[in-house]
Amino acid sequence: MVRFKNRWFLVELIPVGQINAPVLEGKHIWAAIKQSIISNFGDTGWGSVGLSLTVKYYSPTTNICIIRVARDHHKIAWGSITLLSSIEGTRYIPHVIHVSGTIKHAQLAAIAHNREIVARYRAQTKTPAAYQDSFETYLESSSVEIAALHD
């Protein structure tokens, strides 16, 4: 039995200059990455990455997503994510936070990054960490949702 080896990218999409960016979905991110691969690496690049590329998770609250791609051609996907400039007409700066060989380590990095982002939001509003707010319920629900992802 042959096992498919993958790489998992944890990517934060930072909106540029817009306070109220439109809500994205995984299919919008997938289409933008596809277009970036085709424009930067051509049909050969898309042919090598296309079958294995999937967006497994996207959170519109923290703008992070988990992307899976085959290990052999993950550098093409990484390059196209880095060269990505806009999704659905809105400018974004993609920030690859973590690259992992297993979904488990990508999940752990995503949960840790969510906690970091919520801590930043709380610091901006000068809210104490023990304060019960909507971010606490978001952390719980996102942690469960991320942990439920399967390969």
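Annotations for the structure displayed:
- When ILE66, ILE81, ILE87 are screened for being touching a helix residue (DSSP H, G or I) at 6+ places or on another chain (Cβ under 7 Å), in contact (Cβ under 8 Å) with a residue 60 or more places away in the chain and under 19 Å from LEU149 (Cα atoms), only ILE66 passes.
- Members of the range 54-79 found to be under 15 Å from the mean Cα position of the chain (by Cα) and basic (Lys, Arg), listed by number: LYS56, ARG68
- Beta carbons closer than 6 Å, at least 6 apart along the sequence or on distinct chains, pair a first residue in the range 103-119 that is more than 17 Å from PRO60 (Cα to Cα) with a second that is surrounded by 14 or more Cβ atoms within 10 Å (Cβ to Cβ) and aromatic (Phe, Trp, Tyr) for ILE103/TRP8; ALA106/TRP8.
- The listed residue being over 30 Å from GLU116 (Cβ atoms) and open to solvent by 40 Å² or more (accessible area, probe 1.4 Å), out of VAL16, VAL23, VAL2: VAL2
- Note on the range 77-91: residues that are open to solvent by less than 10 Å² (accessible area, probe 1.4 Å) and over 14 Å from TRP30 (Cα atoms) total 1.
- Residues in the range 39-49 that are surrounded by fewer than 16 Cβ atoms within 10 Å (Cβ to Cβ) and not acidic (Asp, Glu): SER39, ASN40, GLY42, THR44, GLY47.
The values are calculated or read from the model by the stated rules, or taken from the named source; none is laboratory data. Just so it is clear, the structure is predicted and the values come from calculations on it, not from any experiment. All Cβ positions, glycine included, derive from the backbone under ideal geometry; neighbour counts span all protein chains shown. Just so you know, the surface numbers come from the protein's heavy atoms only, side chains and all, with ligands and any DNA or RNA stripped out. Shrake-Rupley method; radii C 1.70, N 1.55, O 1.52, S 1.80 Å.
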